[in-house]
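Some notes on the structure that comes next.
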Amino acid sequence: MRYFIGNWKMFGVPNSIGILNKINNFVRKDKNNKKYQAIFTPPFTLLESFSKYFTKKAIKIGAQNCYHKDIFSSNTGAISSYMIKNVGAKYVIIGHSDNRFEGDTNQILKSKVAYSLKNNLKVIFCIGENKKEKRKNLTSNILKNQISKVIERKFNQNNLILAYEPIWSIGTGKVPSEKELIRTIKLIKKTLKKIFGTKKIPKVLYGGSVDSKSIKVFKKINELDGFLIGGASKSSKNFIDIIKNYYR
Ligand code: 13P
């Protein structure tokens, strides 16, 4: 199973559902639709209405983040994984670099992942190095650290997805070379195998400037289980073209 996940970030109002409707109609009729799952993470304001609307439809809905406490707490503006689950969403992104910038530490992230899994959400956990770390050849160490400080053997690997998103690639049009990416994905999978002690490990996705053009290179990389897509997920045509070009 491959994953094509559209992360809308701070984009979308109620009538943006039209974009997802077009994508849903495409997926529903696509001859390859058994091979992949399309998921979208709209902002919190749209989570309940979109989750309800797309129940039993081809695409699934998730949240972009959650708070690191369990059910309810006195933290203004916070949303827990319990609340996300209760409006019908199925997934949650945790550890996106946007949130790491805002102060999410490994300890906070671990708590977010643990509570989300406890509340029966599937977690899309993001990792990735920045430009400076890449230049200093620190990518492997950074990624191993980001994984091992958060992911525990007791977590249910079936409900976890890892997304490698190099920060220097997000929204820049710059992407890792094929060789570089294969090496990194192998390293991530090796690290996960060590943690879980089994061959069965979470799926590993790539995110960062994925569009209908760059997908033509990424599709050659069999180690990749899918993609986390930002900018190109805000247009039905761009998103559909990514899937079409992947299976062409
Ligand atoms: P872009 O696809 O716009 O580079 O964003 C990637 C991303 O951050 C998805 O979470």
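The values are calculated or read from the model by the stated rules, or taken from the named source; none is laboratory data. A quick note: this is a predicted structure, and the numbers were derived from the prediction, not measured. Reconstructed Cβ throughout: ideal geometry from the backbone, glycine too, with neighbour counts over all protein chains shown. The protein model used for the area step is the full one, side chains on, heavy atoms only, and it has no ligands, DNA or RNA in it. Shrake-Rupley method; radii C 1.70, N 1.55, O 1.52, S 1.80 Å.
Filter the helices (runs of 4 or more DSSP H) completely within the range 107-225 down to those with at least 3 residues that are more than 16 Å from the ligand (Cβ to nearest atom), more than 18 Å from the chain's Cα centre (by Cα) and farther than 30 Å from LYS237 by Cα.
Those helices (runs of 4 or more DSSP H) span 131-135, 139-148, 178-196.
Within the range 87-100, does at least one residue satisfy the condition of being over 21 Å from GLY6 (Cα atoms) and either in contact with an Asp or Glu (Cβ under 9 Å, 6 or more places away or on another chain) or surrounded by fewer than 22 Cβ atoms within 10 Å (Cβ to Cβ) (or both)?
no
List the residue pairs whose Cβ atoms are under 6 Å apart, where the first residue sits in the range 72-86 and is among the hydrophobic types (A, V, I, L, M, F, W, C), the second is open to solvent by 70 Å² or more (accessible area, probe 1.4 Å), and the two are 6 or more positions apart or on different chains.
Here the result reads ILE79/PHE44, each pair linking the range 72-86 to a residue that is open to solvent by 70 Å² or more (accessible area, probe 1.4 Å).
Please specify each residue of the range 1-50 satisfying the condition of being open to solvent by 10 Å² or more (accessible area, probe 1.4 Å), within 17 Å of the chain's Cα centre (by Cα) and hydrophobic (A, V, I, L, M, F, W, C).
Matches in the range 1-50: MET1, MET10, PHE11, PHE44.
Inside the range 2-16, can you point out the residues that are away from the ligand (no atom under 14 Å from the Cβ) and hydrophobic (A, V, I, L, M, F, W, C)?
Selection gives VAL13 alone.
With respect to GLY77, determine if the residue is under 30 Å from ILE19 (Cα atoms), assigned to a loop (DSSP other than H, G, I, E, B) and touching a Lys or Arg at 6+ places or on another chain (Cβ under 6 Å).
no
Would you confirm, using the coordinates I've provided, whether LEU187 is modelled with pLDDT of 95 or more, touching a helix residue (DSSP H, G or I) at 6+ places or on another chain (Cβ under 7 Å) and of a type in the set (A, V, I, L, M)?
yes
Determine which member of the set TYR53, TYR115, TYR67 is among the hydroxyl-bearing types (Ser, Thr, Tyr), farther than 21 Å from ILE240 by Cα and open to solvent by 60 Å² or more (accessible area, probe 1.4 Å).
Matching residue, one of TYR53, TYR115, TYR67: TYR115.
Of the residues in the range 18-73, how many are within 26 Å of SER97 (Cα to Cα), in a loop (DSSP other than H, G, I, E, B) and among the hydrophobic types (A, V, I, L, M, F, W, C)?
Selection size over the range 18-73: 4.
Which condition does GLY77 not pass, out of (1) surrounded by fewer than 14 Cβ atoms within 10 Å (Cβ to Cβ); (2) within 16 Å of the ligand (Cβ to nearest atom); (3) not charged (D, E, K, R), if it passes all the others?
(2) is the only condition that GLY77 fails.
Kindly indicate whether any position in the range 80-88 is outside any helix (DSSP H, G or I), touching a strand residue (DSSP E or B) at 6+ places or on another chain (Cβ under 6 Å) and under 22 Å from ASN21 (Cα atoms).
Checking the range 80-88: not a single residue is outside any helix (DSSP H, G or I), touching a strand residue (DSSP E or B) at 6+ places or on another chain (Cβ under 6 Å) and under 22 Å from ASN21 (Cα atoms).
Give me the pairs: first residue in the range 1-17 and part of a helix (DSSP H, G or I), second residue within 16 Å of the ligand (Cβ to nearest atom), beta-carbon distance under 7 Å, and six or more apart or on different chains, which are they?
none
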